[in-house]
1. How about Lys174: which lysines have a C-alpha closer than 17 Å to its C-alpha, ignoring those fewer than 8 places off in the same chain?
2. Say R0 is 41 Å: what FRET efficiency, to the nearest 0.05, do Thr227 and Val84 get from their beta-carbon distance?
3. What trypsin sites (Lys or Arg not before Pro) does region 79-140 have in DSSP loop regions with at most 15 other beta carbons within 10 Å?
4. Given the options Asp276, Asp231, Asp127, state which has the largest fluctuation in a GNM of the chain using a 10 Å cut-off (strictly under) for Cα springs.
5. Would you grab the residues whose amide H sits under 5 Å from the one on Phe326? Only those 5+ places off in sequence or on another chain, please, with H modelled 1.01 Å from N.
6. Antiparallel versus total DSSP beta bridges in region 104-208: what percent is that, nearest 5?
7. Please report the spacing between the Cα centers of region 238-271 and region 282-328 in Å, no decimals.
8. Tell me, what HN-Hα J-couplings in whole Hz come from the Karplus equation 6.51 cos²θ - 1.76 cosθ + 1.60 at θ = phi - 60° for each residue of region 24-33, using x for Gly and Pro?
Amino acid sequence: MGSGVNDSLAKLLLQRIEGPTNPVLWGSDLAPFVGKALDQLIAAGILAERAPASSWGPCRRCDGSCGERAVLRVSGRLVAECPVYPDLATALSDLEIRSFVIDARALISRLAGASGLGSDCEEIARDMWLLGEIGGQRHIVLALNDFALSGPDSLTLLGARLSPLATTLLVPSKTPAATLRPFRDAKCLVVRAAEAIADGKFAFDQIKLVPKVTATVRLSVNRAARTFVLDGRRLALADQPARLLMALAETARMHPGFMTQVAVQKAVYGDNRQPDARPLRDIVRDLRDQMADGLTGEQADLIRNLLKNQRTERYRLALAPEEIDFTG
């Protein structure tokens, strides 16, 4: 998903699918996202637009006695007229009468894929979805609503497929603590789904999906100042190596895996790579050398080897998410 689709939109969609079978978003809900973000969701099949509303709810002035009101276009303006008090017509915008049905499966699949969990989601019980695994060890399960959690066999069905001790259960925002207690007692890690969305991303933050462990932060990154401290040493990085390390650190903190060739090149060169730009392999070599500056022998080699490569121009930073800290 592009940059227009962010954490606020992911949280809104998650909260809406917690309710009815065919959750609907109205145009007014999507006002902040009209444009690129909305177009991306429609193209991905996550939202399907319905016909524009032809009627509007009763007006408040006549205590609802007017019933459903027809939506009309009068002199170029959209209005819902009140038959009791015609002068109290409700003015509407074209956006307000638009509405969209959310495809829960498409949303879940896209979130799982963007979070590094894979895209082959499976409904293991009614409204309970297995999103994938982290590191081949921890299962990530999303419960869409309280029904999925409150059935007498909910925990039994979950335990029949997965080990609760190695399962993170993502739950709705308002599920009562009493409903969640059996899952916590079974040693599931229970996390509110909306709270697990990564800042600024249309994806879950993997570090929020695993139990907290006491770990030493090895790399501290200040985004605003663009500074890096690795194992207590402040790194002196040139512009392009700094761009690359920032992108590698952000990727490593979100989920393990190699950055694609396109993502690596965009991080280093931006959207317009010039014909005379330095080769990426030279910038990678500079980053390795600058990360290890001042070190010698085996210690320098260990630091250089934190930057792993796979095939042509695919790289990753060999640090665990909990070993990386962002500020600024």
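Read-outs: derived from the displayed coordinates by stated rules, not from any lab. Since this is a predicted model, take the numbers as computed values, not measurements. Note: ideal-geometry Cβ built from the backbone for every residue, glycine included; neighbour counts use all protein chains shown.
1. Lys11
2. That pair, Thr227 with Val84, gives E of 0.05.
3. Passing sites in region 79-140 are Arg126.
4. Comparing Asp276, Asp231, Asp127 in a Gaussian network model of the chain, the most mobile one is Asp276.
5. Counting only residues 5 or more places away or on other chains, the set is Val221.
6. Bridges in region 104-208 that DSSP calls antiparallel: roughly 55 percent.
7. Distance between centres, Cα-based: 12 Å.
8. 10, 10, 8, x, 4, 5, 9, 3, x, 10
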